[in-house]
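Student: Attaching a single structure in structure tokens format; questions to follow.
The values are calculated or read from the model by the stated rules, or taken from the named source; none is laboratory data. Everything numeric here is computed off the predicted structure, so don't read it as measured data. Cβ sites come from the backbone with ideal geometry, for glycine too, and all protein chains shown count toward neighbours. Ligands, DNA and RNA are excluded from the accessible area calculation, which covers all protein heavy atoms including side chains. Shrake-Rupley method; radii C 1.70, N 1.55, O 1.52, S 1.80 Å.
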Amino acid sequence: MATASAARVHDKLDRPLRVLRLSVTDDCNFRCTYCMPKELFGEGYPFLPPAAMLNFEEIGQVVRAAVPLGVTRIKITGGEPLLRPGVHRLIEQIASIDGIEDIGLITNGYHLPRSASYLWKAGLRRITISLDSIDPHTFTRIADRAHGLEAVLEGIDVSIATGFDPIKANMVVQRGVNDGQVLDMARFARERGIELRFIEYMDVGRRHDFDGSLVVANREIRDQLDRTFGIVPLTRDSGDEVAETYEYRDGGGRVGFISSMSEPFCGSCTRLRISADGKAYRCLFSGIGLDLRAILRDQRMTGEERFSALSRELRMFWAGREDRYSELRGNGRPQNGTRREERIEMFRMGG
Ligand code: SAM
Ligand code: SF4
Ligand code: SF4
């Protein structure tokens, strides 16, 4: 087998492969209006049956095959990852793979009160919790889950008490929905030592009715925070960090901005997404996935052949990558060939 450094892969725009975002389920217990609106994802929606999803051993094989190509970081996501039974065992397994330096998990937080200690014992140290509002009415309007906020806030408290560090909170800001709550959210996060990250509402997926007038450019929020608290930019820790991070001047911690709409960062996008049913996607706006499950379940191969086939296919797939949808959309130029109706939903491919 080639050595890891000799085998690293870059795409057509010279971007290395560094991060795998693993979706461990396409199901969710929330129905956020911008992701899985209840009108479209109601009772009886055909989520993946368990047999269609990669099992933990298969996910481990994918990670092992991706490490020699350059992957060092894993993010566990979904759908809602804490709905996948035993996800802490997957984390433990991935943490033991040579070459993996960092594992994170992004969750809506609802099940953290009961899961946080298992995740910690499994070796997870960093966690991101999606939180669009601390106002019960607004929260319910967005997530469409009565009493969801109480559980999420408890999940945050439990995560702090458990010792997770860093704890980040993602807030998708929508004009007229929760943009009036930016300062309340900032105060909430500052008081708890949480890094709040503002995410621009995006036109991902094909089902939800994207309305561009709801997008709030992050520079507006940055200015608001600067006027109120005073913030200074920090230099990025690594070239593939998607958030622009600032520090409060008064020592109140950090705050981040993920500005996919107004300041796209495709040039530093080093993420490959793997859906729960084992398809690899090179971009959030992609319609074409590489079917890894077919390789994983091909009984004619030996373990070694399967490892080689996975590595080879992933390498070719990444080497052929030229996706940069957000930059092209930002330039007002034609999009990268994926028509809206061909796109894969974000919760399916691992947002
Ligand atoms: N269920 C988990 C959660 O909500 O954290 C993990 C999966 S969710 C798809 C990952 C992230 O994608 C969340 O922070 C969510 O807010 C974000 N997201 C989903 N749809 C989005 C959209 N249309 N625009 C911006 N962010 C979106
Ligand atoms: Fe579920 Fe996360 Fe999508 Fe909300 S953003 S519907 S919590 S997957
Ligand atoms: Fe990466 Fe695609 Fe988003 Fe650009 S549009 S940052 S390539 S996922």
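Student: Go through P68, P46 for me and flag whichever is more than 22 Å from the chain's Cα centre (by Cα), closer than 23 Å to R306 by Cβ and more than 16 Å from ligand 2 (Cβ to nearest atom).
Tutor: Among P68, P46, only P68 is more than 22 Å from the chain's Cα centre (by Cα), closer than 23 Å to R306 by Cβ and more than 16 Å from ligand 2 (Cβ to nearest atom).
Student: Then there's this: Of all residues in region 289-305, count the ones that are in a loop (DSSP other than H, G, I, E, B) and over 12 Å from M53 (Cα atoms).
Tutor: 6
Student: Assuming L54 fulfils every condition listed in (1) out of contact with any Gly (no Cβ under 6 Å at 6 or more places or on another chain); (2) part of a loop (DSSP other than H, G, I, E, B); (3) away from ligand 2 (no atom under 13 Å from the Cβ) apart from one, which condition is it?
Tutor: Status for L54: all satisfied but (1).
Student: For a quick check of your reading of the model, give me the residue pairs whose first member lies in region 258-285 and is under 18 Å from V63 (Cα atoms), whose second is among the β-branched types (V, I, T) and within 16 Å of ligand 2 (Cβ to nearest atom), with beta-carbon atoms closer than 6 Å and at least 6 apart or on different chains.
Tutor: Qualifying pairs under 6 Å: A276/V24; A276/T25; A280/I274.
Student: If you don't mind, another one. Of the conditions (1) within 14 Å of ligand 1 (Cβ to nearest atom); (2) without any contact (Cβ under 8 Å) to a residue 60 or more places away in the chain; (3) touching a helix residue (DSSP H, G or I) at 6+ places or on another chain (Cβ under 7 Å), C32 clears all except one; give me its number.
Tutor: Failed condition: (2).
Student: Let me ask something else. Report whether or not D323 is in a loop (DSSP other than H, G, I, E, B), open to solvent by 40 Å² or more (accessible area, probe 1.4 Å), at pLDDT below 95 and more than 16 Å from ligand 1 (Cβ to nearest atom).
Tutor: no
Student: Consider only pairs whose beta carbons are under 7 Å apart and that are at least six residues apart or on different chains; among these, list those whose first residue lies in region 105-126 and is touching a residue at least 60 places away in the same chain (Cβ under 8 Å) and whose second residue is in a loop (DSSP other than H, G, I, E, B) and buried (at least 18 other Cβ atoms within 10 Å of the Cβ).
Tutor: N108/F30; N108/E80
Student: Based on what the data block shows, is E191 without any contact (Cβ under 8 Å) to a residue 40 or more places away in the chain and either farther than 21 Å from Y34 by Cα or surrounded by fewer than 21 Cβ atoms within 10 Å (Cβ to Cβ) (or both)?
Tutor: For E191, the condition - without any contact (Cβ under 8 Å) to a residue 40 or more places away in the chain and either farther than 21 Å from Y34 by Cα or surrounded by fewer than 21 Cβ atoms within 10 Å (Cβ to Cβ) (or both) - is met.
Student: Let me ask something else. Which helices (runs of 4 or more DSSP H) sit wholly inside region 102-165 and have at least 2 residues that are touching an Asp or Glu at 6+ places or on another chain (Cβ under 8 Å) and either within 17 Å of K75 (Cα to Cα) or more than 16 Å from ligand 3 (Cβ to nearest atom) (or both)?
Tutor: 112-121, 136-143
Student: Which members of region 253-276 meet the condition of being open to solvent by less than 20 Å² (accessible area, probe 1.4 Å), of a type outside the set (A, V, I, L, M) and away from ligand 2 (no atom under 16 Å from the Cβ)?
Tutor: Within region 253-276, G256, F257, S259, C266, T270 meet the criteria.
Student: Can you run down the residue pairs with Cβ atoms below 7 Å, 6 or more apart or on separate chains, where the first is in region 162-183 and within 11 Å of F198 (Cβ to Cβ) and the partner is open to solvent by 30 Å² or more (accessible area, probe 1.4 Å) and of a type outside the set (V, I, T)?
Tutor: Listed pairs, sorted by first residue: N170/S130; V172/Y34; V173/D179; V182/Q224.
Student: Can you pull out the strands (runs of 3 or more DSSP E) entirely within region 196-288 that have at least 1 residues that are within 13 Å of ligand 3 (Cβ to nearest atom)?
Tutor: 254-258, 271-274, 279-281
Student: What do you reckon, is D144 more than 29 Å from P233 (Cα to Cα) and within 16 Å of ligand 2 (Cβ to nearest atom)?
Tutor: Against the criterion (more than 29 Å from P233 (Cα to Cα) and within 16 Å of ligand 2 (Cβ to nearest atom)), D144 qualifies.
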